[in-house]
Amino acid sequence: MNLCSIASGSSGNCIYAGTEEGSLLIDVGISAKQVQIGLETIDRSPREIDGILITHEHSDHISGIGVMSRKYGIPIYGTAGTIEAVKKCKSLGKIDEGLFRPVQADKSFAIKDMEIHPFRISHDAAEPVAYRVNSGDKSVAVVTDLGVYNDYTISNLKGLDAVLLEANHDVRMLQAGIYPYYLKQRILGERGHLSNENAGRLLCSILHDNLKNIFLGHLSKENNYDALAYETVCTEVTLGDNPYRAGDFKIEVALRNQASEMAVV
């Protein structure tokens, strides 16, 4: 299996996951042109994409799906609540009704040789989910936009070979920053976003010897920066209640406007 961040951050998200037989995008919150450029860096084409998995309807996750769906006829997978919310987004233009494929949390489905498992996340959207993608004995997951995590979240992230995990904000930067009070409370709340510290703690709960690649994603442009997210998560791993140190794993920050290297697991 392969996993690559094409773009990840508060301004737009698009992640590639695939095998030799099939290719998926998880969210398209950037322009179709940016998607094409990102895919070209990993020797892929938009015409190869077999499906777009939508986590939720916020603009930084769906702004490009209208053009992508019309230009390439790619099926769009999302929960019923997410699809209904997407249909109300007039900025996307008209999307062919036949391209929508409703999915349910905790009910797996197949695309090519990949088994996709959606699971619930805590976020202020209609019916948000994260996705785990399995093929053979390999598994990758993308989990962002969650205010809190619990045993259910952890159970869906056990045994992964690669993961893109949200490390959205530094709590102190957010509290001291320019955001209005209501927005700070939203981000810090149970339906908001994971802080760097909580990302590190969640990561500690899913570490195992065969977890080969860890991407830290969905960083806030205003309330975080790459080195701080990386160092905070690494500190949580090294000092946490687990047998590992951060240096035991390949941990990197997924960039806002640049594709990562392809993780091959």
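Computed quantities for the displayed model
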{"quantity": "Dipole axis of the stretch 1-47 (+1 Lys, Arg; -1 Asp, Glu on Cβ), positive-most option in 11, 25, 35", "calculated": "11"}
{"quantity": "Value in Å of the Kirkwood radius, where the stretch 1-141 supplies the Cα pairs that are averaged", "calculated": "14.7"}
{"quantity": "Cα-based reach from residue 158 at 17 Å (exclusive), listing aspartates and glutamates while leaving out same-chain residues under 8 positions away", "calculated": "106, 115, 137, 166, 209, 241"}
{"quantity": "Too-long pairs where the Cα-Cα distance tops 24 Å, listed order kept, from 88/112; 87/221; 33/90", "calculated": "88/112; 87/221"}
{"quantity": "With every protein chain in place, the stretch 161-251: carbon and sulfur % of accessible area (1.4 Å)", "calculated": "50"}
{"quantity": "Cα-derived Rg to Rh of the stretch 20-101, Kirkwood definition", "calculated": "0.94"}
{"quantity": "Of all DSSP beta bridges in the chain, antiparallel share, percent nearest 5", "calculated": "50"}
{"quantity": "222 nm mean residue ellipticity, helices alone, for the chain (DSSP H n ≥ 4; -39,500 (n - 2.57); rounded to 500)", "calculated": "-7500 deg cm²/dmol"}
{"quantity": "Low-density loop cleavage sites - trypsin sites (Lys or Arg not before Pro) in the stretch 75-145, where at most 15 other Cβ are within 10 Å (DSSP)", "calculated": "88, 94, 107, 112"}
{"quantity": "Distance-filtered residues of the stretch 35-71 - backbone nitrogen under 12 Å, label point 7 angstrom along residue 89 Cα→Cβ", "calculated": "53-69"}
{"quantity": "Long-range HN-HN contacts of residue 100 with modeled amide H, under 5 Å", "calculated": "76"}
{"quantity": "Those chymotrypsin sites (Phe, Trp or Tyr not before Pro) in the stretch 146-195 that DSSP places in a loop and that have at most 14 other beta carbons within 10 Å", "calculated": "none"}
{"quantity": "Loop-resident sites, the stretch 1-77, for GluC sites (Glu not before Pro), counting at most 14 other Cβ within 10 Å (DSSP)", "calculated": "20, 21"}
{"quantity": "Solvent accessible area, Å² - residue 172, 1.4 Å probe, full protein context", "calculated": "140"}
{"quantity": "Within straight-line cross-link reach of residue 94, aspartates and glutamates at Cα separation under 17 Å, skipping those fewer than 8 residues along the same chain", "calculated": "57, 84"}
{"quantity": "Tail weight of P(r) past 34 Å, computed on alpha-carbon pairs of the chain, percent", "calculated": "11"}
{"quantity": "log₁₀ of I(q)/I(0) at q = 0.12, 0.13, 0.16, 0.17 Å⁻¹ - the stretch 140-265, Debye sum with one point per alpha carbon", "calculated": "-0.41, -0.49, -0.74, -0.83"}
{"quantity": "Rounded accessible area per residue of the stretch 112-196, 1.4 Å, Å²", "calculated": "41"}
{"quantity": "Zero-based 5 Å bins, Cα pair distances in the stretch 194-265, whole percents", "calculated": "3, 17, 30, 24, 18, 8, 2"}
{"quantity": "Kirkwood estimate for the stretch 74-187, i.e. one over the average of 1/r between Cα atoms, Å", "calculated": "16.1"}
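The values are calculated or read from the model by the stated rules, or taken from the named source; none is laboratory data. Every value quoted in this text rests on a predicted model; they were computed, and no experiment measured them. Quick reminder, even Gly has a Cβ in these numbers, built from the backbone with ideal geometry, and neighbours come from all protein chains shown. All accessible areas refer to the heavy atoms of the entire protein, side chains included, with ligands and DNA or RNA removed. Shrake-Rupley method; radii C 1.70, N 1.55, O 1.52, S 1.80 Å.
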